[in-house]
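J.: The structure that follows is given in the form of structure tokens.
The values are calculated or read from the model by the stated rules, or taken from the named source; none is laboratory data. Given the structure is predicted, the values throughout are model-derived calculations rather than measurements. Positions of Cβ are backbone-derived with ideal geometry, glycine not excepted, and every protein chain shown enters the neighbour counts. When the accessible area is computed, the model is the full protein with side chains, heavy atoms only, and any ligands, DNA or RNA have been set aside. Shrake-Rupley method; radii C 1.70, N 1.55, O 1.52, S 1.80 Å.
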Amino acid sequence: MSVHSLCFAPHPVLRGKARPVDAFTHEVRRMARDLIETMYAHDGIGLAAPQIGQDVQMFVANPSQRRGKELVIVNPVMDRAQGRATIVEGCLSVPDVWERVRRASHVRMTGQDPFGKPLTINADGLLAIVLQHEFDHLEGRLFIDRLSWFRRQRLRRRLR
Ligand code: ZN
């Protein structure tokens, strides 16, 4: 189990679509544990595999920050997104940027746990936001992509 260093925008691993997991080996479980430890080490409430340089469809989430309450989702599919919620978001891969982002307020996500067992999560509140943010990472999207043109222009110089 180890804490990894983070990848920061504009690192290319953050911009590709991550590869699905097809073999649920102990490597997959180790990556899940590493993601959890790395998330806590950086005081995050979610972390996706591309953020530690792994081109793999896996993320962890834990808005409560309570140990043992972590969610690990492999190969996620968001099959329902309803309502509206706007909250100020940040990202460990985009340091020092905090912006309001519009998201769905309720989502349903299916996927697998690190052993390959199917799971379904119905979420609202902060967990729904974190799930959408982390899911975006696996699609090569960052929260700053969801800002208005004007706000993106304003940030552009800082991100180069
Ligand atoms: Zn992020």
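J.: Would you work out if the range 12-159 is rounded, prolate or oblate? Take a ≥ b ≥ c from the square roots of the eigenvalues of the alpha-carbon gyration tensor; rounded if a/c is under 1.5, else prolate when a/b is larger than b/c, oblate otherwise. Could the numbers behind the result be given before it?
T.: Working: a/c = 1.66, a/b = 1.38, b/c = 1.20.
Taking the square roots of the gyration eigenvalues as a ≥ b ≥ c, the range 12-159 is prolate.
J.: In Å², what does the accessible area per residue of the chain work out to with a 1.4 Å probe?
T.: Values: 8610 Å² over 160 residues.
The answer is 54 Å² per residue.
J.: In addition: Could you tell me the distance between the Cα centroids of the range 46-63 and the range 87-127, to the nearest Å?
T.: About 11 Å separates the Cα centre of the range 46-63 from the one of the range 87-127.
J.: Magnitude of the Cβ-charge dipole of the chain, K/R +1 and D/E -1, about the Cα centre, nearest 20 debye? Spell out each step's value before the answer.
T.: Working: 25 positive and 17 negative charges, 140 e Å.
The calculated dipole for the chain is roughly 680 debye.
J.: In terms of the Cα gyration tensor, with a ≥ b ≥ c the square roots of its eigenvalues, is the range 1-84 rounded because a/c is under 1.5, prolate because a/b exceeds b/c, or oblate?
T.: On the way: a/c = 1.18, a/b = 1.04, b/c = 1.13.
In terms of gyration-tensor shape, rounded.
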